[in-house]
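Encoded as structure tokens, the structure appears first; notes follow it.
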Amino acid sequence: MKRLLVLIAAVPLLSACTEESEPVAPAVDIEAGKTFVETHCTGCHTLDGAGKTGEIPNLAAQPAEYLEEAMHAYREGRRNHAALQETIASCSEADIRNIAAYLSGLPPVQPVTVQAADDAVYQAGAEVAAACISCHGERGFSTTPGMPSLAGQQPIYLIVSTQEYARGNRGHDEKEAMLKGLGDVDIEKMAMYF
């Protein structure tokens, strides 16, 4: 009888060992992310995740995976910005996850003005932006995990970053190839569209 009880108790334990468990995502601390942003990022970004000027990107509601990858790129020197590289250099992986979780959980920054759909510049921008839809979503609202939304992004930031991709300065061959042949004026129209 004693052996039977041991066997009955051991079966569930052994069956748990054979089941493959799904990987557990590392815990995030959104308040720690907010504190980091308050302490280190508010010189350039608002606490709501908006860029304080047109050259500074809006980070609110961007996918956490994208934000983490961007921070890794700055830390590893694949993206160039002295202040960001210095800020991120001392961040742990937990810090990066916390910052990304905080910013991705914020509501999107609303555009200051809405372009009229019949505006010629808007239409020209829509034509250029058509190439972006497959990755960044209809009208720039991404539904692809890890892919940033372009809608509502700061136009000057979007122009500069797109030019960097087009010129190969951001180390992304696929985007460089996609943007080949676009002139600066086309990139500006696209940025104004989003």
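What is the number of the single condition among (1) crowded, with 16+ Cβ neighbours inside 10 Å; (2) at negative phi; (3) in contact (Cβ under 8 Å) with a residue 40 or more places away in the chain; (4) not acidic (D, E) that P107 does not meet?
Of the numbered conditions (1) crowded, with 16+ Cβ neighbours inside 10 Å; (2) at negative phi; (3) in contact (Cβ under 8 Å) with a residue 40 or more places away in the chain; (4) not acidic (D, E), the odd one out for P107 is (1).
Quick check on my filter: what residues within the stretch 162-182 are loosely packed, with under 14 Cβ neighbours inside 10 Å and part of a helix (DSSP H, G or I)?
D173, E174, A177
For (1) surrounded by fewer than 13 Cβ atoms within 10 Å (Cβ to Cβ); (2) more than 20 Å from G51 (Cα to Cα); (3) of a type in the set (S, T, N, Q), each residue gets a yes or a no:
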residue	(1), (2), (3)
Q123	no, yes, yes
G140	no, no, no
Q153	no, no, yes
V160	no, no, no
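Just the residues that are in contact (Cβ under 8 Å) with a residue 24 or more places away in the chain and either farther than 16 Å from P57 by Cβ or open to solvent by 70 Å² or more (accessible area, probe 1.4 Å) (or both), please, taken from the stretch 185-194. Reasoning before the result, please.
Of all residues in the stretch 185-194, those in contact (Cβ under 8 Å) with a residue 24 or more places away in the chain come to 186-194.
Matches in the stretch 185-194: D186, E188, K189, M192, Y193.
Give the residue that is nearest to M147 (Cα to Cα), with candidates limited to residues of the stretch 26-71 that are assigned to a helix (DSSP H, G or I), of a type in the set (D, E, K, R) and in contact with a helix residue (DSSP H, G or I) (Cβ under 7 Å, 6 or more places away or on another chain).
Looking only at the stretch 26-71, we keep the residues that are assigned to a helix (DSSP H, G or I), and these are 30-40, 64-71.
After this cut, where a residue has to be of a type in the set (D, E, K, R) as well, the list is 31, 34, 38, 65, 68-69.
Pick out the ones that are also in contact with a helix residue (DSSP H, G or I) (Cβ under 7 Å, 6 or more places away or on another chain) and you get 34, 68.
On the way: K34: 22, E68: 11 Å.
Out of the qualifying residues, it is E68.
Quick check, is I156 of a type in the set (V, I, T) and either in contact with a Lys or Arg (Cβ under 8 Å, 6 or more places away or on another chain) or over 30 Å from E31 (Cβ atoms) (or both)? Working first, answer last.
Details: of a type in the set (V, I, T): yes; either in contact with a Lys or Arg (Cβ under 8 Å, 6 or more places away or on another chain) or over 30 Å from E31 (Cβ atoms) (or both): yes.
In short, yes.
Could you check the stretch 67-95 and list, in sequence order, the residues that are under 17 Å from the mean Cα position of the chain (by Cα), open to solvent by 30 Å² or more (accessible area, probe 1.4 Å) and among the charged types (D, E, K, R)?
E68, E69, R75, E76, R78, E93, D95
For the condition modelled with pLDDT of 95 or more, more than 28 Å from G77 (Cβ to Cβ) and not hydroxyl-bearing (S, T, Y), what is the one hit in P111, P107?
Details: P111 fails: modelled with pLDDT of 95 or more.
Answer to the selection: P107.
Looking at L103 and the list (1) in a loop (DSSP other than H, G, I, E, B); (2) under 21 Å from H40 (Cβ atoms), which single condition is not satisfied?
(1)
Going by the conditions given, is E55 among the charged types (D, E, K, R) and modelled with pLDDT under 95?
yes
The values are calculated or read from the model by the stated rules, or taken from the named source; none is laboratory data. Everything numeric here is computed off the predicted structure, so don't read it as measured data. Reconstructed Cβ throughout: ideal geometry from the backbone, glycine too, with neighbour counts over all protein chains shown. Heavy atoms of the whole protein, side chains included, go into the accessibility calculation; ligands, DNA and RNA do not. Shrake-Rupley method; radii C 1.70, N 1.55, O 1.52, S 1.80 Å.
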